[in-house]
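The values are calculated or read from the model by the stated rules, or taken from the named source; none is laboratory data. This one's a predicted model, so the numbers in the text were calculated from it and none came from an experiment. Quick reminder, even Gly has a Cβ in these numbers, built from the backbone with ideal geometry, and neighbours come from all protein chains shown. Keep in mind that these areas ignore ligands, DNA and RNA; they rest on the heavy atoms of the full protein, side chains included. Shrake-Rupley method; radii C 1.70, N 1.55, O 1.52, S 1.80 Å.
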Amino acid sequence: MIHNDVRKKINELIIRCAESGELARSLLENFLRDNNFGSSLRREITDYFYCGIRFYGLLKKDTENFSCEKAYNVLESKNINSPSTLSEISGFSLNFAETVLKNVDDIRPFFYRAPMSIRVNTLKTTKDLMLDKFSGKYNASPTKVSPFGINFNQHINVRQLNEFKKGYFEIQDEASQLIPLLLDIKPGEKILDFCAGTGGKALGISSLTFNTANIYIHDINENRIQKAINRSKKTGAKFKKLKEGQYRFFDKVLVDAPCSGVGSMRRDADLPMRLDNNKLEKYTDLQKNIFNKALSYVKTGGLIAYVTCSFLEQENEKQVNNFLDNNHRLELVKAVNILDKDISDKLSIQDFFRTSPAFYGMDALFGSVFRVS
């Protein structure tokens, strides 16, 4: 049980996060490191801290009497269809709350903790073998849509498992596991992950294709590229860093674009505190520039996939229209014509790839695919 003096310090930490812009994860890690709490109390503190972040509006209004139980009762009892109500409950500003509510039918699922999902690395093992191993020890179950995933339905630090250290699986949301399928990759094709980050999607492509594709990664952040390379060594994935001017005619290019990230706010609880409409406009400008650069790497007849972790029209459908209006070489390829029927039916896929916490507890991702003529 969290004593009042500790709870007061946590509340101060939450307010500091909101007012200073410091990352919640870093603040919490430092707080836990500086205090000698037992494992059970650490878990309770972590849950309370992120709950307070999610419901910052309620916490700030009545800090002394705030509780997670009360917060979720408010969430479920109120009809959150006005920006003022959403802002009063959360860390969203009034203006950005209005933007959010214009783009989502029900925001409430985004306030609940996301499941712990892993993608099994088929370069080293199989999903069935991992499921047999984990289900005997933990509350684990196969993902409902992804053919590569397992969900842990309990608190567990999977990074401490030997199987993770040996590269048998990667931590990845179920929706993200499906993204490589949008490229319809064939053995021997040349693939470019243009915004590779630390390599999550590239690792998935390697596992999906059993290293039969020729994969390159690119990111403006060299530290991320190095982390991706380190991860590839652990997992057995094969890909190369793209060098300037090295190669330009790829069969498939993935643009997992920088975005607001609002579709993953369940995992990034302090994200609402950092978003506003000005930042959204900067993201949309950046997305246009990145997509145009990535497009120059696609060969005639090749595919380019544009993906965001967002449910906002400004970052998704409006960008698709912008890409089509400004480049006559592009033709939209319906996602339903690429994905397996089972996946398309479960997610009600048509023109675009789209997921949501309302569908099997996934993050809210958006994906569109274009053929280049």
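Restricting things to alpha carbons, tell me how big the range 4-77 is in terms of Rg and Dmax, in Å.
12.1, 38
Using heavy-atom solvent-accessible surface (probe 1.4 Å) with all chains present, what is the largest-first order of 315, 22? Kindly include the intermediate steps, with their values, before the conclusion.
Numbers: 315 0, 22 70 Å².
Highest to lowest solvent-accessible surface, that is 22, 315.
Under 10 Å, Cα contacts only: if you run a Gaussian network model on the chain, which one of 271, 295, 23 comes out with the highest mean-square fluctuation?
Fluctuation is largest for 23.
GluC sites (Glu not before Pro) within the range 50-114: which are DSSP loop residues with at most 11 other Cβ atoms inside 10 Å?
Numbers: sites: 64, 69, 76, 88, 98; in loops: 64.
Within the range 50-114, the qualifying GluC sites (Glu not before Pro) (loop, at most 11 other Cβ atoms within 10 Å) are 64.
About its Cα centre, what dipole magnitude does the chain give when the only charges are +1 on Lys and Arg Cβ and -1 on Asp and Glu Cβ, stated in debye to the nearest 20?
Dipole of the chain, to the nearest 20 debye: 1380 debye.
Each residue of the range 135-141 in order: what ³J(HN,Hα) in whole Hz does its phi give by Karplus 6.51 cos²θ - 1.76 cosθ + 1.60, θ = phi - 60°, with x for Gly and Pro?
5, x, 10, 10, 7, 10, 8
At 20 °C and 1.002 mPa s, grab the translational diffusion coefficient of the range 212-266 from Stokes-Einstein with a Kirkwood Rh over Cα pairs, rounded to a whole number in µm² per second.
Here the translational diffusion coefficient equals 162 µm²/s.
Equivalent ellipsoid semi-axes for the chain, as square roots of 5 times the alpha carbon gyration tensor eigenvalues: give them largest first, rounded to whole Å.
35, 26, 19
Mind checking which of 211, 95, 162 has the largest fluctuation in a GNM of the chain, springs on alpha carbons under 10 Å?
Maximum fluctuation in the GNM of the chain, among the listed residues, is at 162.
From Cα pairs below 8 angstrom and at least 6 apart in sequence, can you work out the relative contact order of the range 4-77, rounded to a whole percent?
32 percent
For the chain, list the cysteines whose Cβ sits under 4.7 Å from no other cysteine Cβ?
Lone cysteines by the Cβ rule: 17, 195, 259, 309.
For residue 250, enumerate residues with amide H under 5 Å from its amide H, sequence gap 5+ or separate chain, H modeled in the peptide plane.
Amide H neighbours of residue 250: 298, 299.
So, with a 1.4 angstrom probe, what is the percent of accessible area on the chain that is carbon and sulfur?
Looking at the chain in its full context, I get 46 percent from C and S.
Which whole-Hz couplings ³J(HN,Hα) result when phi for each residue of the range 198-213 is put into the Karplus expression 6.51 cos²θ - 1.76 cosθ + 1.60, θ = phi - 60°, listed in order with x for Gly and Pro?
Those phi angles translate into 8, x, x, 6, 5, 4, x, 5, 4, 5, 4, 9, 6, 6, 8, 9 Hz.
Which one of 122, 151, 55 is farthest out on the positive end of the charge dipole of the chain, using unit charges on Cβ (Lys, Arg +1; Asp, Glu -1) and the Cα centre as origin?
Farthest along the dipole direction, towards plus: 122.
With each label point set 7 Å from Cα along the Cα-Cβ vector, what nm distance links residue 165 and residue 279?
Distance between the two pseudo-spin positions: 3.6 nm.
Using +1 on the beta carbon of Lys and Arg, -1 on that of Asp and Glu, and nothing else charged, what's the dipole of the range 189-234 about the Cα centre, debye to 20?
220 debye
Contact order normalised by length for the range 128-229, with contacts defined as Cα pairs under 8 Å and 6 or more residues apart; what percent is it? Before the final figure, lay out the partial values.
On the way: 116 pairs, mean separation 20.0, N = 102.
RCO, the range 128-229: 20 percent.
Can you work out the Karplus-derived ³J(HN,Hα) for every residue in the range 65-73? Use 6.51 cos²θ - 1.76 cosθ + 1.60 with θ = phi - 60°, whole Hz, and x for glycine or proline.
Per residue, the Karplus-derived 3J(HN,Hα) values read 9, 5, 8, 5, 4, 5, 4, 6, 5 Hz.
Quickly rank 318-328, 304-314 as a protection proxy: mean count of other C-beta atoms within 10 Å, highest first.
Numbers: 318-328: 14.3, 304-314: 23.5.
The most tightly packed comes first, giving 304-314, 318-328.
Give the relative contact order (percent, whole number) for the chain; include only Cα pairs under 8 Å separated by 6+ residues.
Working: 638 pairs, mean separation 56.7, N = 373.
Contact order relative to length: 15 percent.
At 0.36 nm per residue, minus the direct Cα-Cα distance, what do residue 248 and residue 233 gain on full extension? Give it in nm, one decimal, please.
2.9 nm
Please compare each pair in 144/190; 201/346; 9/127; 102/201; 133/238 to a cut-off of 32 Å on the Cα-Cα distance and tell me which ones are over it. List each step's numbers first, then the result.
On the way: 144/190 30 Å; 201/346 22 Å; 9/127 43 Å; 102/201 30 Å; 133/238 27 Å.
With Cα atoms farther than 32 Å apart: 9/127.
Taking the alpha-carbon distance from residue 227 and a cut-off under 15 Å, which aspartates and glutamates remain once sequence neighbours fewer than 8 residues away in the same chain are dropped?
Cross-link targets: 170, 193, 219.
Hey, what's the chain come to in accessible area per residue, 1.4 Å probe, Å²?
Per residue, the chain has an accessible area of 48 Å².
Please find the FRET efficiency linking residue 105 to residue 36, where r is the Cβ-Cβ separation and R0 is fixed at 51 Å, and quote it to the nearest 0.05.
0.65
If I build a Gaussian network model for the chain, linking alpha-carbon pairs within less than 10 angstrom, which residue out of 91, 136, 301 has the largest mean-square fluctuation?
Maximum among the listed residues: 136.
Stretch residue 72-residue 371 to full length: gain in nm at 0.36 nm per residue minus the Cα-Cα span?
Value of the extension gain: 103.1 nm.
Quote the convex hull volume per residue of the range 254-373, based on C-alpha atoms, as a whole number of Å³.
Spelled out: Cα convex hull of the range 254-373, divided by residues, is 98 Å³.
If each residue of separation counts as 0.36 nm, what is the full-extension length gain between residue 329 and residue 300 once their alpha-carbon separation is subtracted?
Contour length minus the Cα-Cα distance gives 9.6 nm.
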